[in-house]
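S.K.: Structure provided below as structure tokens; questions to follow.
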Amino acid sequence: MPKKVCLLESGKIFLAGLVPLLVRKLAKLGMSVEIQEEGCQELPVNRPVSSRMLSGIHLDPDQVRAIEACLAKRRGYIKAVTGFGKTEVLLGVYEALRPVRALMVVTRRGLRQQAIERAGKRLAGPVVYLRRGEPLPDKGLVITTYHTLHRLLFGATSRASRTAADPRVRDWCAGVGLGLFDECHRLPGEQFSRCVKAIPASYRIGASATPLVNNALRNMILRGCLGEKIIEAGVAQEVEKGRVAQVHVFFREIGQGDRIEFPEVLNYQEAYTKSLSTYEPFLTDIVEVCRWFRDQGMPCLVMVDWVQHGQDLYDRLRKALKGGVDYIHGELSVAEYTRAKQGFLDGRVQTLVASPVLGEGEDLPNVAGLVLACAGRARHALIQKIGRGMRPKEGSNILMVVHYINYRHPYFIKQALANLKSYAASPSYILHGMAPLEVVDDGQ
């Protein structure tokens with residue numbers, strides 16, 4: 001048996017996520033392992049990494065170290081809590097390698113606009129939005145969504161029409177040297193990973209607060225697309241530095257003594273629709289919680305999982321609170337979406353109902369109260385929802401989360417147990433048992 005084994009990864013046929021597992025297994029057998037990846041050449045660092053390399057912001061030492069680590073590793077992902085400044089780190093990597101042909105891919109149009117605005121403030125050069133028919137720069141940063149990129153690279157078919165692929169975009173992507181992937185936990189989806197594999201960039205860097213999920217195959221695919229973890233920043237250290245809000249979770253019980261029986265539940269949506277979305281005590285309690293936040297002068301975000309449930313809550317809240325309420329969901333136009341979000345940031349809207357379209361990556365630094373009308377079971381989804389309110393705030397830097405424990409059906413008791421395990425895995429969250437809402441001081 002040889003003393004040294006060399007694994008050559010093509011990145012095209014072999015499932016690259018298996019490589020880390022093979023490395024660890026061979027190491028246990030006493031073999032040294034060398035990994036050589038085709039096409040992953042080092043790019044020249046044309047600008048020194050420093051705290052002032054981006055315009056209008058002073059990067060802290062942790063962000064500088066993260067940029068340096070990304071440049072050294074070339075491929076991988078950043079795991080960092082909301083508020084760490086993951087976008088700034090990605091932009092810092094681009095700035096260090098500029099001029100380079102770079103593509104930043106985000107999950108949704110709201111994040112696309114946010115990324116374009118932030119990049120415009122932080123970078124000296126122009127930022128381009130990738131879309132059909134638009135000219136593409138030979139060098140510079142281009143920003144798009146996964147869905148737009150997939151449509152341009154591979155075409156799209158609907159019941160009414162078929163959109164052809166754009167060979168011009170495919171040729172341009174073949175010359176990309178730096179790929180930046182925001183909310184990279186979405187990559188294991190077939191559409192997302194297909195886009196990444198079409199970008200043979202020497203440098204591929206992803207960023208997410210929840211890059212890995214409780215699914216070994218999905219995690220393997222993500223590692224195959226990007227590589228291993230480059231750096232991690234946890235909640236506790238960021239709270240201590242004041243970069244994120246301290247999270248206080250208040251549990252409220254519903255459905256005690258009001259159990260219902262219905263046939264076997266097939267999925268989460270069916271269970272929720274049958275037992276909660278029309279349950280009057282639950283809906284009434286959400287309205288009263290939102291009223292309490294409004295009376296305390298605390299901007300409140302209500303997270304739902306379905307558009308119709310959000311619409312029902314929005315109608316109730318608007319009637320009960322006499323205005324100051326708006327609703328964001330995926331069926332809004334870009335102008336309507338921007339207007340609703342800006343109204344909340346400006347303070348004209350005190351209570352904002354939001355579907356999952358606002359569940360990841362969006363900057364809402366003024367959120368002081370978060371009502372989880374639909375918590376879900378997946379840990380990464382729960383953390384992402386809480387992250388919408390963890391941006392640092394002026395004054396009392398805390399976030400009050402209202403989490404409902406539902407006793408109406410055993411399905412939701414199992415969900416509550418899964419949620420409690422998620423909270424236990426993040427000890428920086430302060431849990432208040434079954435207590436009612438109360439004012440919490442910093443550090444308490």
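S.K.: Nearest 0.05, what FRET efficiency do Lys319 and Asn215 give at R0 = 41 Å with Cβ-Cβ as r?
M.R.: For Lys319 and Asn215, the calculated efficiency is 0.50.
S.K.: Could you give the dipole magnitude of the stretch 239-431 about its Cα centre, charging the beta-carbon of Lys and Arg +1 and that of Asp and Glu -1, in debye to the nearest 20?
M.R.: 420 debye
S.K.: For Arg75, enumerate residues with amide H under 5 Å from its amide H, sequence gap 5+ or separate chain, H modeled in the peptide plane.
M.R.: The answer is Arg204.
S.K.: Suppose R0 equals 22 Å; then what is the FRET efficiency for Ala156 and Val307 from their Cβ-Cβ distance, rounded to the nearest 0.05?
M.R.: For Ala156 and Val307, the calculated efficiency is 0.45.
S.K.: Tell me the volume per residue, in Å³, of the convex hull enclosing the alpha carbons of the stretch 239-431.
M.R.: 116 Å³
S.K.: Moving to a separate point now. Between Ile430 and Lys121, what FRET efficiency comes out of the Förster formula 1/(1 + (r/R0)^6) with R0 = 30 Å and r the beta carbon distance, rounded to 0.05?
M.R.: 0.35
S.K.: Rank-order 314-327, 290-303, 200-213 by packing density, defined as the average count of other C-beta atoms within 10 Å over each peptide's residues, highest first.
M.R.: Final packing ranking: 200-213, 290-303, 314-327.
S.K.: On to the next question. Note the full-extension length gain between Ala418 and Leu43 as 0.36 nm times their separation in residues minus their Cα-Cα distance, in nm to one decimal.
M.R.: Gain on stretching Ala418 to Leu43: 130.6 nm.
S.K.: Compute the Rg/Rh shape ratio of the stretch 133-202: radius of gyration over Kirkwood radius, all on alpha-carbon atoms.
M.R.: For the stretch 133-202, the value is 0.96.
S.K.: Translational diffusion coefficient of the stretch 40-233 at 10 °C, 1.306 mPa s, Stokes-Einstein with Kirkwood Rh over Cα pairs, in µm²/s as a whole number.
M.R.: So the translational diffusion coefficient is about 95 µm²/s.
S.K.: Fully extended, how many nm does the chain gain between Arg132 and Glu232 (0.36 nm per residue separation, minus their Cα-Cα distance)?
M.R.: Residue separation times 0.36 nm, minus the Cα-Cα distance, leaves 32.4 nm.
No value in this document is a laboratory result; all are computed from the given coordinates. Please read these numbers as outputs of a predicted model, since none were measured by experiment. FYI the Cβ positions are ideal-geometry reconstructions off the backbone, even for glycines, and counts take in every protein chain you see.
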